[in-house]
Structures are given as C-alpha cells and as structure tokens.
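What follows is a set of notes on a single structure, which appears directly below.
The values are calculated or read from the model by the stated rules, or taken from the named source; none is laboratory data. As the structure is a computational prediction, the values presented were derived from the model and not from experiment. No Cβ is skipped: glycine too gets one built from the backbone with ideal geometry, and neighbour counts run over all protein chains shown. The protein model used for the area step is the full one, side chains on, heavy atoms only, and it has no ligands, DNA or RNA in it. Shrake-Rupley method; radii C 1.70, N 1.55, O 1.52, S 1.80 Å.
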Amino acid sequence: MVLPRRPVLRRRGGDRGERAGSLLRPGLSEEGLATERRISLWRDALYRLYENRNLRLLLAGRGLRSLAQGYLSVVVPLYFARLGYGATRIGLVFTASAVTSAILTAAVGFLSDRFGRKALLVAISLLMAAGGLVFALSSSYVVLLVAAAVGTFGRGGGAGSGGSFGPYYPAEQPLVAASVRDEERTGTFGLLSSVGVLCGAAGSLLTLVPGALARAGLSTLDGYRILFLLTAVIGCAMALVVLPILEKRPKPSRKKGGSTVRLSPEGRRLIARFMTTNAVNGLAVGMLGSFVAYWMHRRYGVGAGEIGSLFFAINLVSAIPYLFAGRLSRRLGAVRAVVATRACSVVLLAATALMPTFALAGALYLLRMVANTLSIPVRQSYLMGVMSPGERSRAAGLGNLPSQVASSSSPAFAGYLMQSVSLDMPLELAAGLQAVNAALYYLFFRKLHPPEEHPPRRGG
C-alpha cells in the first residue's frame, strides 16, 4: 500500500503539538481529545519515519544484526560445549571477544567522529560476516576463539537487548540522533530497540534449526554450522544496507592553532562519569552475557530449543515496552527512569538464581530483562542528548570502553566460579554490581538534564 505524500516535517519547523492538535475534531470530551491527540501523534511519527530514509536504513541494519545475535547468544556457548570444551574455556572465548570488542569500540568511537560513521558500520558488519564464515568451516579451538573475538560474538546478543551493544553502536547512535529532533530522540531509540528485539525474537527461533536437522538425519554440529553460514550472509547484508545512508559529518572542535581534534572540557568531564558507571556495569554484564544460556543448560538440563524459545518470548515481550521508553523518560526524567528500571531488574535477577525449576527461573528472567532493557534506549538517548554532536561517537566509544574492558575479565572468572565454586554465584554477583551501578548513575547525573527536559524560556 502506498501512503499519500505529506509535507516533510523539518527539524526546526513549528511546534509538533500544534500540528497534531490542528488535526483534532471539535466537540469531543476532554478524554476523547486526549485519546485522539495520542493517535494523531502516533500517525505523525509514522509519516516522519516513512519520509526519513536514513532512519529506515538504520532500522533495517539494526534488525539484521539483532536477527543474527538472537541465535548466536545461544548457539555459540552450546557449540563449544558440544565440541567438548568446559565452562572455563568457554569463558576464555568470551573474554577474548570482550577484549577485542573494547578495542574496536574505542577505535570506532575515535574514527567515526573524524572520518564518518557509515564507513565504520560497513567495516564492523564485514568483520561479523568473516567470523560467521570461520565458525562454519573450522572446529579448532584457537581458530574459533580468534573468529569469535574478531566477529565480537556474544557482544550485544543478550535476549531483549536488540543488538544494541558492541562496536557497532558508537557509529550507529550518532547517525540516529542526527536524524530526529531532540524531543523525538528517546522515542526513536525506543523504536530502534523494539525493532531489534522483534528481530532478535525471530533469531531466537532459529535455535530450533539444529534440533530439527538432527531429527532429519544431520548432526547437531552441522545444524550449528548452517546458522554460522547464515551469519556470514547477514553480515554482508548489513554492509549493503548501510551504504545508501546519507551522512552529514559534524564539525568537531579543534585546538586553537593546531589540527588535533580534542574533546571539550565539559565533554571530558561527562565521559569520565559515564566511564565510571559503565565500568561497574561491565563487570556485571561479563558475569552474565551468554553464560545465562549455559547456566540454564547446566542448572535445569535444558537444550538450545528450550532456551531459544525462552529468549524468543523475552524478545517478543520486550518489544512493546520499548515503544513507551519516550513516555517513561518524559514522565520520570531520563535519569530517574534508568535508575528505577535498573533497580527492578536487580531484584528480579537475584531471585532468578534461587528458582527450583526452569519455568520459574525463565519467568523471572523474562521480567528482569523487560525491566533492564527498557532503560537501554533511555540511556542511549541521554548520552546523545548531553553530548555535543561533534563528540557523540567518541562519547559512545570512550564512555563504554570501561564496560568493555571490565566485561572482558569477568567471563573467565564467572566460568571458574560456575565450575569450581557455585553455579549460581555469578548471577548473584551480577545483581549486586548492577545495584551499585544504579546508585552511581543517580549520584552522577541527577542534576544534569538533556535539552528536551529543559523548561522553555519565557519571553519573545
């Protein structure tokens, strides 16, 4: 169906509320007016999406990435287990992936602001394709470890995350922020995450492929390798989708009398705060990551099909709350919204490790992921909002670098704890670390508001 053309809504045009209000019918009750105004705003947003080519392409790229990560987060640790490797060696794989991801994330952050974001998105996509191809063709532990690191497998593939982490996002997020107005930014990041988790849900269902092929006569390992070949195809498709994006590079500030691009003093101060909070969160992420799938496999004896079905449900349920991230941020404020959702997720994660059955653990973990991942678009939008346009990629890369580094050390430690101390301990430690993260986030940012939260100035 072809939508009728409407005038393009310019970023510096009139007030969106006035445009939406002009479409309302007179004679309605106050409640009816409020309902019709919400419908009009949604319709207005859909037309803007229809007319915003860059945003459509970025949504397609996120969807493809999330499709692959939806099954990689499950099949990669189970593939290593099927090859006969224990939790400690699997932890080393994710440690190598985290270290490489940290290096790539910092590099993408620095290079994107200076040389453009689109080229870096293409490069990261092709690295993911190369990693998938190597996994499909080799069984050597060392070779697979290198391929997982280069392809950053397991970095950004957690259920409900929608592929929103890893070296892809320091280039993606500034492009998204540049495509919309400030007051639309959080809602757009919510839409991006919603598309991501829906495609991640579809990817989670693909974890049923190895079992289906095994019943048809192929080995489970061959089923895994077919999914890795699919990853190579998806990585190439991601690169092709990004190519038509039109990018207007911001002009970064330069040191007077020189040619070196430098961060502003305010930018350095903000990035230091983000680095501190994200370092704590990174330790927690490393404790969890793809180890959640392995923990469920060991704790309850379930396979890829059951875990993949749970992750499908998590992605499906998470898609709807993401669409209301903008409303939650407007109601509570960005910082309070992040802290509140993170606090809920901490309690639910700690309780998950205590559940006696897979069904109960899966239900609590689903609720935990809905609460935790709801903060993702709010945090991403907040970072883009408080940073100047010319520093956004470096802020996304540098601000999250400690998270990448911290999460690179904790997978191996988590594997050791699972194998030698207690299977449940990494989950409990992760809950405690995320509680500390929520407290630090509130302490550092409670008085710093993004542009859309500033009260309008009075006077003409």
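Taken together, G390, G308, G399 contain a single residue that is surrounded by fewer than 22 Cβ atoms within 10 Å (Cβ to Cβ) and in contact (Cβ under 8 Å) with a residue 24 or more places away in the chain, which is G390. For segment 69-122, taking the residues that are assigned to a helix (DSSP H, G or I) and among the aromatic types (F, W, Y), the one that is farthest from A147 (Cα to Cα) is identified as F115. Scanning segment 60-81 for residues that are under 19 Å from P411 (Cα atoms) and open to solvent by 20 Å² or more (accessible area, probe 1.4 Å) yields a single hit, A81.
Selection over segment 123-153 of residues that are under 21 Å from S393 (Cα atoms) and outside any helix (DSSP H, G or I) gives a count of 2.
Yes/no matrix, rows are residues, columns are (1) surrounded by 22 or more Cβ atoms within 10 Å (Cβ to Cβ); (2) modelled with pLDDT of 85 or more:
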| site | (1), (2) |
| --- | --- |
| V142 | no, yes |
| L145 | no, yes |
| G156 | yes, no |
| A159 | yes, no |
| F165 | yes, no |
| D182 | no, no |
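The set of residues in segment 405-435 that are touching a residue at least 40 places away in the same chain (Cβ under 8 Å), more than 15 Å from V347 (Cα to Cα) and open to solvent by 40 Å² or more (accessible area, probe 1.4 Å) comprises V405, S409, F413, Y416, Q419. Looking only at residues in segment 226-245 that are among the β-branched types (V, I, T) and part of a helix (DSSP H, G or I), the one that is modelled with the lowest pLDDT is V242. Closer than 18 Å to L192 by Cα and in contact (Cβ under 8 Å) with a residue 24 or more places away in the chain: does that describe L366? No, not satisfied.
Hey, does segment 392-413 have a residue that's at pLDDT 85 or above, of a type in the set (G, A, S), farther than 19 Å from S193 by Cβ and out of contact with any Ser or Thr (no Cβ under 9 Å at 6 or more places or on another chain)? No: segment 392-413 contains no residue that is at pLDDT 85 or above, of a type in the set (G, A, S), farther than 19 Å from S193 by Cβ and out of contact with any Ser or Thr (no Cβ under 9 Å at 6 or more places or on another chain). The residues in segment 315-354 that are crowded, with 17+ Cβ neighbours inside 10 Å and outside any helix (DSSP H, G or I) can be counted, and the count is 2. When segment 419-454 is filtered for residues that are of a type in the set (V, I, T) and either under 23 Å from the mean Cα position of the chain (by Cα) or closer than 18 Å to S403 by Cα (or both), only V436 remains.
For the condition touching a residue at least 40 places away in the same chain (Cβ under 8 Å), of a type in the set (D, E) and surrounded by fewer than 23 Cβ atoms within 10 Å (Cβ to Cβ), E172 does not qualify. Kindly indicate whether any position in segment 436-452 is open to solvent by 30 Å² or more (accessible area, probe 1.4 Å) and in contact with an Asp or Glu (Cβ under 6 Å, 6 or more places away or on another chain). Scanning segment 436-452 turns up at least one residue that is open to solvent by 30 Å² or more (accessible area, probe 1.4 Å) and in contact with an Asp or Glu (Cβ under 6 Å, 6 or more places away or on another chain).
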